[in-house]
Amino acid sequence: MNRGFPTYDWKAAPEGLVTRRQLRARGLSPGGHGPVAQLRCRKCLARPGRTCTRMAWLYRADLARPKRVPTPAQRRALERAMDARRTCPLCRIRYEFCLPLRTLGSCWPCADPHPATARSQALAA
Ligand SMILES: [Zn+2]
Ligand SMILES: [Zn+2]
């Protein structure tokens, strides 16, 4: 708790002051400015004398900026990175989920030294 900041009770914050969560819900970010006040949590509303330990920061809505939206190029780079994490470097199969490449280094069938089905089928063929 910072005594230098104005403190408001839950739902009693003045118009124009919003929590980070409220900013996020509107697709906004503080836009570089710091909190200007703090908000006591909902539980403390029933206990006014209590020192709130779960204070939320309040930001000025008028200073908030739209959250940075990734450019098409950034989104493509992101998709490429996702592809790399979903594609097995050994069998080149692309999965619908991320592979444990950092630990296994490949997909599960490739990492399993005793493939119950896949390899024995391949040998039988
Ligand atoms: Zn509280
Ligand atoms: Zn594989």
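The values are calculated or read from the model by the stated rules, or taken from the named source; none is laboratory data. Since the model is a prediction, treat every value here as computed from it, not as a measurement. Positions of Cβ are backbone-derived with ideal geometry, glycine not excepted, and every protein chain shown enters the neighbour counts.
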Among residues of the range 1-28, those that are in contact with a helix residue (DSSP H, G or I) (Cβ under 6 Å, 6 or more places away or on another chain) and within 13 Å of Tyr59 (Cβ to Cβ), counted = 2
key: Candidate set: the range 60-101, residues that are of a type in the set (Val, Ile, Thr) and either modelled with pLDDT of 90 or more or in contact with a His (Cβ under 6 Å, 6 or more places away or on another chain) (or both); chosen: the one surrounded by the fewest Cβ atoms within 10 Å (Cβ to Cβ)   = Ile93
task = Report, ordered by the first and then the second residue, all pairs with beta carbons closer than 6 Å, sequence separation of six or more or different chains, a first member in the range 32-61 that is on the phi > 0 side of the Ramachandran plot and within 16 Å of ligand 2 (Cβ to nearest atom), and a second member that is modelled with pLDDT of 90 or more and among the acidic types (Asp, Glu).
result = none
ask   = Hey, does the range 51-65 have a residue that's in contact with a Pro (Cβ under 9 Å, 6 or more places away or on another chain) and of a type in the set (S, T, N, Q)?
value = no
